[in-house]
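The values are calculated or read from the model by the stated rules, or taken from the named source; none is laboratory data. Quick caveat: nothing in here was measured; it's all calculated off a predicted structure. Note that each Cβ is placed from the backbone with ideal geometry, even for glycine, and that neighbours are counted across all protein chains shown. Accessible surface is based on the protein model in full, side chains and every heavy atom, while ligands, DNA and RNA are left aside. Shrake-Rupley method; radii C 1.70, N 1.55, O 1.52, S 1.80 Å.
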Amino acid sequence: MKYSEIAIVATMMIPTIIMAKDFGVGTTRNLKKGYDGKKSTGKKSSKQSKKGTTVYKNESKKSAKKGATGMVTIGEVDTEEVRSILRDYVSTLSDDGLMHGYRADPAKHDEEWHACTIVQQCLDPIHMYALREMSHKSRALAYKAMAKTMTQESFNMLQLQQHSNMLLGEMQDWATTCDGSCMELTDPDCKLSPILDGPQNATKRDEDYNACGNLRTINGTCAYWLCDEEPKMIHQANIDVTTGRYGLGNIWNEPHIHARNSRYDYFSVYGSLDEGDGPFSMRFSGHHIDVNYHFDDGEIVKDTPVFLGHNPLIVPSETPPTDRKPNDRSDGTIDFLMWENMAGVGQFQEA
């Protein structure tokens, strides 16, 4: 069976950008079924495939063609080896892990699929098992199954997305635990001035961090928290496309609605895992990550939906102070190791 990669369509999602170009989002596929669910009978031209996915057989990466979805064949994968890895994975799960992370009925994959894990609207989904709850062995086998199915470039990109999330998580930790002041924008619509224009037009208030959060969350005022020390960060929300100005985000909600770390990445397996015994599938999902594979009869018959999105990230070159004192939100032991190691580095070519 052939590997392949997908070229993602360039799309702007505010405030997240979905990557364009040959992103290699994590699909190594050679779909054996077209849009109508019928088996393909051989090599087709892209002109013949007006919808669905065209299958290309026996093509090298150099001469590979793209079908209607941008799929390119570039290698091979042993689907029974993937099934065996998933069988080992399921055998390591606890009762709770089995309840969340395995369904013997392959139809449950599509039935239970929900976007809430991608946008962090369900931090404990019944239909998936969190990586944070897995044993080291379970986690390693989940990654092994993904790596066996994806091209190396695609798998690296998946891990880079996780890496980017963790970096943003460290920045989030700094913005929510630093000593600082409660500020209120003078703009009644909570629109931020362009960052390059200098400090925001705002007044200083007397509230502490928690009271400032109540002003923002409960009272709806344009309050935000500004760190006393550099780097001073302000959370941006969606952009007003008519004015080009960003709205003020709510940093007090961020750890919950945008949990940017691997604790909120999830994995699930579906179908029979006995050798050669019918269809099976797997899903990897998390913050701005969703990769799905459906296998049957030695082929990947479906690899959608697929999503990897991110904010093109250049890691700020200035990092939080290393001699922080404890406060009511931090015992002083939160580290920013990834941030310090990657300071000033662009995470993606587009950054």
Subtract the Cα-Cα distance of E81 and A211 from 0.36 nm times their separation in residues, and report this length gain in nm to one decimal.
-> 41.3 nm
If Lys and Arg each add +1 and Asp and Glu each add -1, what is the summed charge of the other residues whose beta carbon sits under 14 Å from the beta carbon of H109?
-> -3
Please give the per residue accessible area of region 90-169, computed with a probe of 1.4 Å over protein heavy atoms only, in Å².
-> 46
Mean separation of Cα contacts under 8 Å (at least 6 apart) over the residue count of region 219-351, i.e. the relative contact order in percent, is 15
Over region 209-351, what percent of the accessible surface lies on carbon and sulfur atoms, probe 1.4 Å?
-> 47
Rounded percent of accessible protein surface that carbon and sulfur make up, region 79-128, 1.4 Å probe = 54
For region 263-351, which trypsin sites (Lys or Arg not before Pro) are in a loop by DSSP, counting at most 16 other Cβ atoms within 10 Å?
-> R329
Pairs K144/K232; K137/K325; K204/K325; K144/K302: which exceed 29 Å Cα-Cα?
-> K144/K232; K137/K325
Give the residue from V306, G247, G278 lying farthest towards the positive end of the charge dipole for region 240-320; charges sit on Cβ (+1 for Lys and Arg, -1 for Asp and Glu) and the dipole is referred to the Cα centre.
-> G247
Under 20 Å from the Cα of K191 - aspartates and glutamates, other chains or at least 8 residues apart | D240, E254
State, to one decimal in nm, how far the label point of D328 lies from the label point of D297, with both points 7 Å from Cα in the Cβ direction.
-> 6.5
Modelled FRET efficiency - R0 51 Å, A107 with D228, Cβ distances, 0.05 increments | 0.40
Sites C122 and S272 - FRET efficiency at Förster radius 22 Å, r taken between beta-carbons, to 0.05 = 0.25
How high is the relative contact order of region 288-344, in percent, with contacts defined as C-alpha pairs under 8 Å that are six or more residues apart?
-> 28
Extension gain (nm, one decimal) between S317 and A115, 0.36 nm per residue minus Cα-Cα = 69.3 nm
